[in-house]
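Report on one structure; see the data block that follows.
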Amino acid sequence: MMRNVTVVTALFLVCLMVGFQGSSDADSLPGLALKAKVFQADMERRFLLEGQALCKLKPPRPNKPYIDYNMPDNAYMTGMYLGALSMKYRVTGDEADRQKAMESLDALIRLSEVSGEPGLLARAFWPADRPMEDDGIWRLSPDGRYRWRGDVSTDQMAGAMFGFFCAWEYAADGTQRDRIGAVAAAMVERIERDGRRIRDVDGSYTRWGRYDLEYVSRREKMNALLYLQVLAVAARTSGRQDLADLYRRCALEDGYAGLAVEARRLLDPTRRAGMVNHSDDVLLFLAYFPLLTIEQDPELRNRYLDSFRRFWNGNEKYPGVKPEANPLYAFSAAAFLGDKSGIEGAVQTLRLFPFRIKWSPQAVADYAREFGFEDVGFISPYPLPGAPIPIDRREKCWSAWVQDPYHSPWRGEEGYQLEFNGHDYLLAYWLGRHLGLIAPQE
């Protein structure tokens with residue numbers, strides 16, 4: 001199986017590059033930097049609330065005369081967006097970019113404090129006097145200014161800690177670093193006090209908030225890696241020796257680093273839609289990046305590298321993520337494994353990344369006129385059987401990287417559609433720029 005998938009994918013990439021290079025429409029594609037500029041402009045105009053990255057825009061309807069947003073993933077997305085902005089500042093050195101990053105840092109800290117419970121992350125916050133429609137559990141903040149959404153998960157924690165790490169490393173000043181360290185430490189203290197589980201303000205455990213040894217060893221090895229990310233970032237940003245000791249004890253004595261080697265479930269991605277949970281793959285990236293940036297101890301670093309290598313290459317039976325031409329993973333493989341074989345496919349993914357995967361036809365047309373690009377159709381050849389679908393042929397999605405690349409063909413505009421922000425493109429682009437894998441003139 002593994003050999004067949006690899007051969008099919010190699011043939012597909014050859015066809016993709018030939019089809020792309022030979023297409024007259026390819027000359028009309030906006031450059032990577034222009035796409036980043038357009039997605040940044042849209043983010044600032046339609047998808048930010050006091051620095052918080054909003055997810056799924058729901059336009060006005062007859063029974064609802066205002067724009068609102070579905071908000072289960074705001075903490076996760078704000079962390080990823082903060083990571084992208086922090087890397088952008090690292091590349092440009094522009095103080096305006098740093099200020100934008102710090103606005104989203106403030107939002108992420110507000111998400112960590114709005115409940116009034118130290119160390120409890122909220123999924124989202126919203127001004128108490130502003131109308132909105134959203135599912136989930138919402139409560140009023142102690143000061144009465146905001147409503148906040150509870151039942152936070154380990155997914156949201158992974159995104160938030162990634163954002164805190166990138167801001168601390170690349171953009172924050174001394175005072176802001178101290179704030180990051182204090183918030184991250186409070187999160188760890190709360191989780192440890194509650195048996196390595198996340199407890200909500202009403203005393204109940206959140207549905208998807210488990211890092212305890214029984215759960216990570218028997219049910220979800222990925223969460224062993226995610227908790228090591230939480231601990232490593234808290235130790236790094238706070239500078240506290242007790243948290244550094246806790247991190248090593250959890251990794252080695254409690255066995256989390258050993259469990260983390262098999263953090264990714266290896267299954268046949270071509271068998272059926274949903275067979276592989278690709279949203280978990282994004283969470284793994286959010287953990288690998290800080291862990292492999294921070295950790296220099298050979299024993300622990302080798303465990304994380306073994307885990308990432310398995311994530312990237314798969315095993316003799318099933319492929320890893322390498323065939324997907326995903327920029328987050330390919331750029332990380334180049335940086336941490338020295339494997340540069342995925343860079344060209346990853347850059348092609350960004351070249352082909354269509355605005356229509358995010359927006360309505362009208363929004364795409366409006367931005368095309370404003371920024372001077374052409375909204376072209378499909379550029380890539382149709383994929384071979386068993387190969388990932390090129391991103392310009394995939395259906396609309398809130399995150400291109402959580403999408404199943406093997407089973408998400410473009411279905412066109414069908415009735416009422418949400419619109420989404422481009423945080424996924426921005427993170428991938430600025431990661432590539434930060435690592436020196438994308439040229440400024442691309």
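All of the numbers you see were taken from the coordinates with simple rules; none came from a lab. Predicted, not measured: the structure shown is a model, and the values here were computed from it. Virtual Cβ from ideal backbone geometry, glycine too; neighbours counted across all protein chains shown.
Some points to look at:
- Listed by chain and number, the lysines placed with their C-alpha closer than 27 angstrom to that of K35 are K56, K58, K88, K100, K322, K340, K358, K396; residues fewer than eight positions away on the same chain are left out.
- Taking the fewest neighbouring Cβ atoms within 10 Å as the starting point, the ordered list for F371, F353 is F371, F353.
- Gyration tensor verdict on the range 172-256 (Cα atoms; rounded if a/c is under 1.5, prolate if a/b is larger than b/c, oblate otherwise): oblate
- Burial ordering of L231, L267, L431, fewest other beta-carbon atoms within 10 Å first: L267, L431, L231
- The order of T237, T78, going from fewest to most other C-beta atoms within 10 Å of their C-beta, is T237, T78.
- Residue-averaged [θ]222 nm for the chain, counting only DSSP H segments that reach four residues, each worth -39500 (n - 2.57): -16000 deg cm²/dmol
- Each residue of the range 234-244 was assigned a 3J(HN,Hα) from its phi angle through the Karplus curve 6.51 cos²θ - 1.76 cosθ + 1.60 (θ = phi - 60°); the sequence is 4, 5, 5, 7, 8, x, 7, 5, 5, 6, 5 Hz, with glycine and proline shown as x.
- Cα-based shape type of the range 354-424, given that a ≥ b ≥ c are square roots of the gyration tensor eigenvalues and the cut on a/c is 1.5: prolate
- The string of couplings for the range 74-89 from the Karplus curve (6.51, -1.76, 1.60, θ = phi - 60°) is 5, 5, 4, 6, 5, x, 5, 5, 4, x, 5, 5, 5, 5, 4, 4 Hz, one whole number per residue in order, with x for Gly and Pro.
- When peptides 59-70, 210-221 are ranked by their average number of other Cβ atoms within 10 Å per residue, the highest-first order is 210-221, 59-70.
- Rounded FRET efficiency, nearest 0.05, which uses the C-beta distance separating R130 from E344 and R0 of 56 Å: 0.75
- In sequence order, calculated HN-Hα J values of the range 155-168 (Karplus, 6.51, -1.76, 1.60; Hz; x Gly/Pro): 4, 5, 4, 4, x, 5, 5, 4, x, 4, 4, 5, 4, 4
- Projecting the alpha carbon convex hull of the chain along each direction and taking the average yields 20.7 nm².
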